[in-house]
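Scroll down for the structure; my scribbles are underneath it.
The values are calculated or read from the model by the stated rules, or taken from the named source; none is laboratory data. Model, not experiment: these values are computed from the prediction. Every residue, glycine as well, gets a Cβ built from its backbone with ideal geometry; the counts of neighbours run over all protein chains shown. With ligands, DNA and RNA removed, areas are computed over all heavy atoms of the protein, side chains included. Shrake-Rupley method; radii C 1.70, N 1.55, O 1.52, S 1.80 Å.
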Amino acid sequence: MPRSPYLLSPSEVEILRLGAADPDIISNYFLKPPTAEKGFQFDYNFDEEGKWEKTVHHAKQTDIVVIGGYGTGKTVGMGASGSVHCITTPDFKFLNVAPSAWQAKLMYDSVMLMAKNTILEKMIWEKPRRPYPKITFRFRIEEVIYESSMEFMSADKNAVGILSWEGDWINIDEAG
């Protein structure tokens, strides 16, 4: 029997509406495992002056540079932000690019781990790892089906695999 896309309840649609101003409203619900007290929270591990994840999530600029060391939330934070954009923006396309396929897959693994046993996991329609990792979100609001995607590719071999890619957001890991 074929499966149907996840049907959002009216209260879940309201969470998406309210979360337009604060992505924590969305991530706290859609990225919350059943046994957890809270779901993912943007800027949770930062001092007030070091917070940057929500700023980047809401940024209107087309070019943003985040310079952060190891453990500053770049992979997890951008993966969570991309996921929230995918479920709030119809036909949203996100691409994470890294110098190697292994490194690009780190964000794929991070998103899949965050989504495990959550409502977001129910919205994942496909999650192939080959020819490159990709997460397709598909869900319904009443009778309308929405779909968005996150792709994870390597910039090796002169970035031939991404030359014609078109989408909404490209995150470049280790851009230097």
Of the conditions (1) of a type outside the set (Asp, Glu); (2) assigned to a strand (DSSP E or B); (3) out of contact with any Cys (no Cβ under 7 Å at 6 or more places or on another chain); (4) at pLDDT 95 or above, MET114 satisfies every one except a single condition; which number is it? (2)
Among the residues of the range 118-136, which ones are open to solvent by 90 Å² or more (accessible area, probe 1.4 Å) and closer than 16 Å to ILE26 by Cα? LYS122
Scan of the range 45-73 for residues that are farther than 20 Å from PHE94 by Cβ and at pLDDT 85 or above, ordered by number: GLU48, LYS51
So the check is Cβ under 6 Å with 6+ separation or different chains; which pairs have a first residue in the range 19-45 that's within 14 Å of ASN117 (Cα to Cα) and a second one that's of a type in the set (Phe, Trp, Tyr) and outside any helix (DSSP H, G or I)? SER27/PHE40; LEU31/PHE40
Residues of the range 14-38 being open to solvent by 50 Å² or more (accessible area, probe 1.4 Å) and outside any loop (DSSP other than H, G, I, E, B), in sequence order, are GLU14, ARG17, LEU18, ILE25, ASN28, TYR29
Has the range 87-100 got any residue that is open to solvent by 70 Å² or more (accessible area, probe 1.4 Å) and more than 14 Å from the chain's Cα centre (by Cα)? no
Return the total of residues in the range 106-126 being at negative phi and either more than 13 Å from the chain's Cα centre (by Cα) or β-branched (Val, Ile, Thr) (or both). 8
Tell me the residue from LEU16, LEU7, LEU31 that is farther than 25 Å from GLY68 by Cα and under 18 Å from the mean Cα position of the chain (by Cα), please. LEU16
Of the numbered conditions (1) of a type in the set (Gly, Ala, Ser); (2) closer than 26 Å to ASP156 by Cα; (3) in contact (Cβ under 8 Å) with a residue 60 or more places away in the chain; (4) assigned to a loop (DSSP other than H, G, I, E, B), GLY69 satisfies every one except a single condition; which is it? (3)
Quick check on my filter: what residues within the range 1-13 are of a type in the set (A, V, I, L, M), outside any helix (DSSP H, G or I) and more than 12 Å from ILE119 (Cα to Cα)? MET1
Restricted to the range 150-176, and to residues that are buried (at least 18 other Cβ atoms within 10 Å of the Cβ) and farther than 22 Å from VAL56 by Cα, which residue is modelled with the lowest pLDDT? ALA155
GLN41 vs (1) over 17 Å from the mean Cα position of the chain (by Cα); (2) open to solvent by less than 60 Å² (accessible area, probe 1.4 Å): all pass except (1)
